[in-house]
Amino acid sequence: MPKRIPKILITGGAGFMGSAFVKLLIKGSFSVQGELPFVVVDRLTYAGDLKRLESVRRKFKFYKVDICNKRQIDSVFKKEKPEIVVHFAAESHVDRSINDAQVFIKTNVKGTQILIDACRRYGVKKFVYISTDEVYGKLVHGKFKENACFKPNNPYAVSKATADLLVQAYVKAYKFPAIIIRPSNNYGPWQYPEKFISLGILRVLEGGKIPLYGDGKNIRQWLYVDDCMRGIAAIMRKGRVGEVYNLGGIGESRNIDTAKLLLKVLGVSPEQIEFVQDRLGHDIRYSLDSSKVYRELGWKAQVGFIQGLKLTVDWALQHQRWLKSKLPDINKLYK
Ligand code: NAD
Ligand code: TYD
């Protein structure tokens, strides 16, 4: 019997993580005959770029649609009748949310509500919400498990936590078939160069220094994007509906150490660092306990931090033109 793949709709599929997920799905379906049942919905904001999907062009259907537009979302659902929806679309950058929270509340909260209502109306069988470790807030010692309290500390994190709670409420009220995934900081090829590692690479490529907020001692748990996508795919296929799964990386590192490692991989002087003004409300440390997904599905991060940084830098060296094309926007953001 030929393998049947359910129709999967991916929101935010032209973004950094969504595009990696689409490529993983397509790669895993090469043996399947005929049209692949993958639908990408993306508004193509500053962060969305179909160049990320050029290598798999024509292997998915694309709709340039805003998830906040109920009429447009309805017409996509009516036409495509997705069985599974994986929801990546969001405003995703903390610094931008501190500058202006409005679009974060609109896209991340209202957009999610419009999407899950459409899922209910059109009988979607499984909804996967890509949340974040930032919903738990900061911690100094230990690791967050899935049942930890929410204490988000910036407008981005609040908007993601609100949508996460909304999805949980739909699970309770309507037995909405959702699974929530909370990944730690992702890095890797095609990340928009506003986030720490990709911005650091871009700055060094243009002869500058890696900007470090505050004293550089804040800690993040870095997860290579392909590792994260393998986890999301496993949870989408075999995770338990109504459950929450953390996906934490192996590379827990202080920002200053990350910057030094990155400079080493780039082959430039360890002096290429500049200390800049700290982020407002900068969370000291994020760290996830991912034992649940390991126990249930055997997932754990596999790509070591140095290996992941090398893969990211190799990709960046081959895609300098793409990275540098984002410079006008980045220089406006970090003026
Ligand atoms: P990204 O900013 O690279 O991509 C977001 C995508 O969503 C873009 O393609 C953008 O065009 C699209 N989008 C934005 N607003 C939209 C709207 N109104 N309608 C339709 N599409 C819209 O983000 P990312 O880093 O790929 O993150 C993807 C998801 O994963 C987000 O939900 C984010 O909160 C979550 N997450 C990210 C990280 C990380 O480290 N990047 C970690 C944990 C969780
Ligand atoms: P970022 O990539 O923005 O992700 P998040 O805020 O979701 O963790 O930032 C990662 C860490 O790097 C965070 O502690 C803030 C810090 N950082 C800098 O030190 N300099 C920078 O220029 C940026 C963008 C971030």
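Annotations for the structure displayed:
- Here is the figure for the range 206-238: residues that are open to solvent by 10 Å² or more (accessible area, probe 1.4 Å), more than 16 Å from ligand 2 (Cβ to nearest atom) and touching a residue at least 12 places away in the same chain (Cβ under 8 Å) total 4.
- Total residues in the range 63-100, condition surrounded by fewer than 17 Cβ atoms within 10 Å (Cβ to Cβ) and within 21 Å of the chain's Cα centre (by Cα): 5
- Close pairs (7 angstrom Cβ cut-off, 6 or more residues apart or separate chains): without any contact (Cβ under 8 Å) to a residue 24 or more places away in the chain in the range 259-275, part of a loop (DSSP other than H, G, I, E, B) and open to solvent by 80 Å² or more (accessible area, probe 1.4 Å) anywhere: 260/270
- Which listed residue, of 197, 181, is near ligand 1 (Cβ under 9 Å from one of its atoms), under 16 Å from the mean Cα position of the chain (by Cα) and surrounded by 18 or more Cβ atoms within 10 Å (Cβ to Cβ): 181
Let's see how each residue does on (1) among the hydroxyl-bearing types (Ser, Thr, Tyr); (2) under 17 Å from the mean Cα position of the chain (by Cα); (3) within 14 Å of ligand 2 (Cβ to nearest atom); (4) open to solvent by 10 Å² or more (accessible area, probe 1.4 Å):
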{"position": "113", "(1), (2), (3), (4)": "no, no, no, yes"}
{"position": "127", "(1), (2), (3), (4)": "no, yes, no, no"}
{"position": "131", "(1), (2), (3), (4)": "yes, yes, yes, no"}
{"position": "188", "(1), (2), (3), (4)": "no, yes, yes, no"}
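- Of the residues making up the range 78-110, just one is within 16 Å of ligand 2 (Cβ to nearest atom) and basic (Lys, Arg), namely 96.
- Taking the criterion of being part of a loop (DSSP other than H, G, I, E, B), more than 10 Å from ligand 1 (Cβ to nearest atom) and in contact with a helix residue (DSSP H, G or I) (Cβ under 9 Å, 6 or more places away or on another chain), the only residue of the range 72-97 that qualifies is 82.
- Here residue 297 passes the criteria (1) under 24 Å from residue 157 (Cα atoms); (2) open to solvent by 30 Å² or more (accessible area, probe 1.4 Å) except the one numbered (1).
- Residue, farthest from residue 218 (Cα to Cα), within the range 244-274, restricted to residues that are modelled with pLDDT of 95 or more and among the β-branched types (Val, Ile, Thr): 244
- Annotation note: of 88, 38, 77, the sole residue that is of a type in the set (Phe, Trp, Tyr), free of Cβ contacts under 8 Å to residues at least 40 places away in the same chain and within 25 Å of residue 121 (Cβ to Cβ) is 38.
The values are calculated or read from the model by the stated rules, or taken from the named source; none is laboratory data. Predicted model, so just to flag it, every value in this text is computed and none were measured. Positions of Cβ are generated from backbone atoms using ideal geometry, with glycine treated the same way; all protein chains shown enter the neighbour counts. SASA here: full protein model, heavy atoms, side chains in, ligands and nucleic acids out. Shrake-Rupley method; radii C 1.70, N 1.55, O 1.52, S 1.80 Å.
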